[in-house]
Amino acid sequence: MLKSIDIQYLKHFLQFTSKYKSYTRIGLMMMPISIACNLAFPWLIIQVIDQHLSPKQFEGLPVIIFAMILVLVINYIADAFYSYYLRKTGNLSIFDMRMALVARILKFPRSYFDNTATGITLSRLTSDLETIGESFVLGILGLVKDSLNTIAILGLMFFINWQLTLVVILVFPPVLLLTRFVRNRLRALYLMTRSTLAKGTGYLQECLLGVKTVQLYAAQTEVEEKYHGFTEQFKQAQLKVNAYDAALFSIITGITSITIGLLIWYGSNEVLQGFVTLGVLIAFINTLEKIFVPIRDFSSQIASIQRSFAAFEHIEELFSQALEEDNRVLISSEELKTKLIDFQSLEFKEVRFRYKADGPYVLNGISFKLKQGEKLALVGTTGSGKSTIIRLLTKSYLDYEGSILLNGIELSAIPKQSISHLFSLMQQDVYLFDQDVQFNIALDKPLSLEQVQEAAKYVYAHEFIQSLPNQYQHQLKSGSSQLSAGQTQLISFARAVAKGSPLLMLDEATSSVDSVTEELIQNALSRLFKDKTVIAIAHRLSTIRHSDLILVMDKGRVSEQGKHAQLLALGGVYAGLLQEHKLEEAEQ
Amino acid sequence: MTKREFVGHYFWLNRYSYLFAMVLILIVSWLQVEIPRHIQMAIDLLNESSPLAHTTLVGHVQWVIGFALLMTVLRILSRMYALNPGRITEAALKNDLFHRLNRLPTSFHQKFASGRLISIINNDLNGIRLFYGVGFLQLFNIVFALSLTPVWMYRISPVLTLYTAIPISIAFVIFFLGFRKMRVLHVQRLQRLQDLSEQLMNDLSGIDVIKAQNMGEWVQQKTQTINQRLLETTLKIAKIQTFVIPVLDYANHLMKVVILGFGGYMLLRSELSIGQITAFLSYSVLLALPLMHLGRIVTVFQMGMVSIDSVLSILNQDIPSRDTDSEAKPSPLSKGASLQVKNLNYRYAGATIDALSQVSFTLDFGKKLGILGEIGSGKSTLVNCLNHYLEVESGHIFWGDSDMATTPLSHWRKHIRTVTQDPYLFSDSISENVKFGASSRGFESDDSKIDKVLSLSQLGDDLSRFSQGKHTVVGEKGIMLSGGQKQRLSIARALLTPCDLLVFDNVLSAVDYETERQILSGMFERIQGQSVIVVSHRVSALEQMDEILVLKQGQIIARGTHTQLLATSDYYRQTWLLQQHETEVQSA
């Protein structure tokens, strides 16, 4: 039933609960009290019938009745405390797990996000954790309590009359076989429904995110047909689940009634011969429910616990996913503080890099040097490795071979958080937060409105921001098309200006901007560039021409490097590229 | 649709299932109360030793077992037929919702984040499934059990029946007070879960920026707040569930005490037999289950109502009347007509200035129109008006004689196809993405056609580098492809099936000038008998157009051919000069 891996998950969960020992203790202390009450009650029933009702003896009856009420009150209190405090522990632990997971995810390497759809990570953090809260915590609480109660009651029954107990136990094997059979069927169906549901939900999610595309392509009937397929498959499987569920429930309820019949039939002889008292027989009949109902519920409790193990498995993936800076020898940020106040120099020495261990090298021996205030331009075809250089610098990807020295320190030994203040990255895709414009420029740094406006003016974004309904307080929404592509890029430039980092990196950042606006931005940027170090991936000659160093990249190597004039004089690839273009223009 | 209509609609959908289940449950409930009657008679015979009494006793036991067997079979059927409607409704509703979401206008999708819609379909539908499944099953069960059982009890002893009602009535009041509070809390919890989901989704989408800007702490703080709020509600619910809800269960035990106490007193006065007390105890067990379920069922109905509200927020959004059932009808649009735009104005909700004002032009069939303008000048707004992504009043946009405002969307979009600047791809293979929507438009696509459009959009070379060629899976939102590849794939998708007007909205911003020119001229060669609109920042892409519009602040400030505009428009000339001067390095 429990695999060793499940026990590991359990241990991990228990680690989270250890913080709340005092609650757990209160809850667990209540359990024996509750079980004692559960035994006392049927025993008192026997006493009432045999001592008072059968012999028609009134004296002492009120005392026993009062005792029964007392037992019920204690049982209620113990049960409520047991459930509440253990649930509290469970929910607090889930709260902590969620926070721990979010903290971890923020440190996951880029490769994790490349390989994992956002929706999956999201469902780990929400529905999987909720499943643990509902299925696991409640399932375990119920299972533990029910099984202990059942065993205790069986023990009591056996103690009172073992013959009658044997009659009850006689019914166990078929009940157990039945529940096991149904449970196995349900598990198989459950696996199937889960994957169908996941596929259907995934597809639905995709279609809703891309609803504009669906509508613009008038593809509604096509996507609906596909979705109906998933829905139908899921429904059919669930109808089967219903049939099994119904059978299990009804047969066990039926068996309870049959057992009562058997008890009376067998008991009738025993009562006559005085082996069994009437009270015992009646108490047995009344207690059957307490034995069979838990047995019936076992299967669903176990199923829900199993479901929660699937959730545990998902969550464990997040816990075992290596953080990007795990197992790396890093220099402490204290030590680095003085050395990384400003950008001084950058050197690539024979850097090689590939995204996957068995993939091709995207960078294959790159070497160059860059000093403070210099401008570097990266030129080359798509896939030549330009963006990869920037991704290594921002530490989005680690594990390069060779050496990258930032201010003379090996980049791989610097903690990521110690370099983020050094650079601003401007890309073609800009992410906007669901916050106002001011936040989207300042991000989480405490900048005044004036400072934000100044940054916006610097990149000519102030004008369009002023035209928004609430200007700088205008709420933006991620993924919505309130702003044009060009406007969002202006926001990202303002972001970079506001941050004021010494090293600016541009990855084709101006491609969605029209020429006139770009001209303005170029002017602004060149003002900004004056005392900054710049690494730019660009295709416009004006950006490239004035660079201190141009790297012409080809298939992960630097095929030529130097200044514009040098490269032209060289008459190689760079010159060829320019030449080709000139000729074409002449033709027109 | 009101809530009542909704409930009625899906109830009616399952009317035969429900009717059958109701009849079965009635029989089962009757059998259920008959069984204790036979137990009672059997027990009263226990103390009699005559052979006749013994035969009668065995007869009663046989009745008990026979009834139990019959009850089992009927109950299996009743549960299946009562539970299945839940799944059937769930499936039908999923399809209905998806159908509507696919047809609701842009204004709706801008208001409702897709994360929220998915949460409704994933979480709220569960509530509705339980409502129509377990909800109605238990409702029938409870109605019959609670109406039959007390009658049978009353038949034995009216006085004792009344006494036993006391603890139950008190418990009921407590229970419902707790319940009212829980309903509010459940709504709150779902809301908070949605908030959490939405926030985590946003943070995961912006993970790159968050990591690069070291904003981890900000994210954790936000998560902590929302997580804390969720925890608070969850714990409040747990408190009610553990302290208030079980009160009913204990009231049932208290009933047993009352039966033994008062019943015992009556027995001593010979008003009751011991068998009748046993029967009363059995009936109290029979009452226990429905009473316990009453709690669950009220939750189910309350949650169901909350969920129905959520779902109605989608179902009550009207699909414009022109679009209902339009897909089956023949298109009112004639082939080969001209596109006419007359005095088009557009203002975004909440904006203070027009995004478009007094835009007028005519595009004759087979002609090519270019649109140039700075960012925020209204180019994309115009495109979104033309493809009816945005709502435009009647009298402004015409295809031949047909007014766009009154033409069914699906037909309009079969004639007018847009390639947007942010292409959306499905996580399927490249060829499936190219085929997207083709079958909805009644078009059979074969491999050769797909290859052709892939090569037309200059994607052929890229594909040959993928090991699986056009069967390569592109990942979520096409994550495996570069920006330029995504754009070219979306062009191939647009070219696969014929249409009357193709609109390219700045689609080639991520490819270099040269590739853009190649794609466009290749396309123009092939697409004869189609009108084309190209929006671009690049004069080179617009030179070959029959007419070019220059937009500024939502107005057409100049129009004409390339040569005409060079002479008449300062903005056009300036852009052209900048780009001429801007000799670029090829394939950067």
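Per-residue answers, yes or no, for (1) modelled with pLDDT of 85 or more; (2) surrounded by fewer than 18 Cβ atoms within 10 Å (Cβ to Cβ); (3) out of contact with any helix residue (DSSP H, G or I) (no Cβ under 7 Å at 6 or more places or on another chain):
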site: A:Val137; (1), (2), (3): no, no, no
site: A:Val171; (1), (2), (3): no, no, no
site: A:Leu186; (1), (2), (3): no, no, no
site: A:Leu204; (1), (2), (3): yes, no, no
site: A:Gly210; (1), (2), (3): no, no, yes
site: A:Gln238; (1), (2), (3): yes, no, no
Check your understanding: Among the residues of the stretch A:257-284, which ones are more than 7 Å from every other protein chain (Cβ to nearest Cβ) and without any contact (Cβ under 8 Å) to a residue 40 or more places away in the chain?
Key -> A:Asn269, A:Gln273, A:Gly274
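Listed here are the residues, each with its yes/no results for (1) surrounded by fewer than 18 Cβ atoms within 10 Å (Cβ to Cβ); (2) under 17 Å from A:Thr126 (Cβ atoms); (3) more than 9 Å from chain A (Cβ to nearest Cβ).
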{"site": "B:Gly216", "(1), (2), (3)": "no, no, no"}
{"site": "B:Thr225", "(1), (2), (3)": "yes, yes, yes"}
{"site": "B:Arg229", "(1), (2), (3)": "yes, yes, yes"}
{"site": "B:Thr234", "(1), (2), (3)": "no, yes, no"}
{"site": "B:Ala238", "(1), (2), (3)": "no, no, no"}
{"site": "B:Ile245", "(1), (2), (3)": "no, no, yes"}
{"site": "B:Leu248", "(1), (2), (3)": "no, no, yes"}
{"site": "B:Met255", "(1), (2), (3)": "no, no, yes"}
Point to revise | Filter result (surrounded by fewer than 16 Cβ atoms within 10 Å (Cβ to Cβ) and assigned to a loop (DSSP other than H, G, I, E, B)) within the stretch A:44-80 | key: A:Pro55, A:Lys56, A:Gln57, A:Phe58, A:Glu59, A:Gly60
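Enumerate the helices (runs of 4 or more DSSP H) found wholly within the stretch A:207-326, keeping only those where 2 or more residues are touching a strand residue (DSSP E or B) at 6+ places or on another chain (Cβ under 8 Å).
Passing ranges: none, list empty.
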Point to revise | Selected residue (criterion: nearest to the other protein chains (Cβ to nearest Cβ)) from residues of the stretch B:102-149 that are among the basic types (Lys, Arg) and within 21 Å of B:Tyr389 (Cβ to Cβ) | key: B:Arg103
Study note, to complete from the structure: Note on B:Ala53: of the conditions (1) surrounded by 21 or more Cβ atoms within 10 Å (Cβ to Cβ); (2) part of a helix (DSSP H, G or I), unmet is (1)
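More than 8 Å from chain B (Cβ to nearest Cβ) and within 28 Å of B:Val257 (Cβ to Cβ), is that true of A:Tyr82?
Taking the combined requirement at face value, the residue satisfies it.
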Exercise for review: Go through the stretch A:188-229 and count every residue that is in contact with a Leu (Cβ under 8 Å, 6 or more places away or on another chain) and more than 18 Å from B:Lys477 (Cβ to Cβ).
Suggested key: 2
Check your understanding: Cβ-Cβ below 9 Å, separation at least six or inter-chain, first residue in the stretch B:37-53 and closer than 13 Å to B:Ile277 by Cβ, second outside any helix (DSSP H, G or I): which pairs?
Key -> B:Gln40/B:Ser273; B:Ile43/B:Ser273; B:Asp44/B:Ser273
Exercise for review: Residue by residue through the stretch B:307-351, note down the ones that are of a type in the set (Ser, Thr, Tyr), touching a Gly at 6+ places or on another chain (Cβ under 8 Å) and surrounded by fewer than 15 Cβ atoms within 10 Å (Cβ to Cβ).
Suggested key: B:Ser334
Exercise for review: Give the stretch B:152-164 a look and list any residue that's part of a helix (DSSP H, G or I), closer than 23 Å to B:Trp30 by Cα and in contact with a helix residue (DSSP H, G or I) (Cβ under 8 Å, 6 or more places away or on another chain), or say none.
Suggested key: B:Trp152, B:Met153, B:Tyr154, B:Ile156, B:Val159, B:Leu160, B:Thr161, B:Thr164
**Study point:** Residues of the stretch B:70-126 satisfying the condition of being in contact with a Phe, Trp or Tyr (Cβ under 9 Å, 6 or more places away or on another chain) and free of Cβ contacts under 8 Å to residues at least 24 places away in the same chain
**Key:** B:Ile76, B:Ala91, B:Asn95, B:Phe98
Point to revise | Residues located in the stretch B:264-275, provided they are of a type outside the set (Asp, Glu) and more than 8 Å from chain A (Cβ to nearest Cβ) | key: B:Met266, B:Arg269, B:Ser270, B:Leu272, B:Ser273, B:Gly275
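Can you go through A:Val223, A:Val241, A:Val137, A:Val211 and tell me which one is facing another protein chain (nearest Cβ under 10 Å) and in contact with a Cys (Cβ under 7 Å, 6 or more places away or on another chain)?
After applying the criteria, what remains is A:Val223.
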**Study point:** Condition check for A:Arg104: touching a residue at least 40 places away in the same chain (Cβ under 8 Å) and of a type in the set (Lys, Arg)
**Key:** yes
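The values are calculated or read from the model by the stated rules, or taken from the named source; none is laboratory data. Every value quoted in this text rests on a predicted model; they were computed, and no experiment measured them. We place every Cβ from the backbone using ideal geometry, glycine too, and count neighbours over all the protein chains shown.
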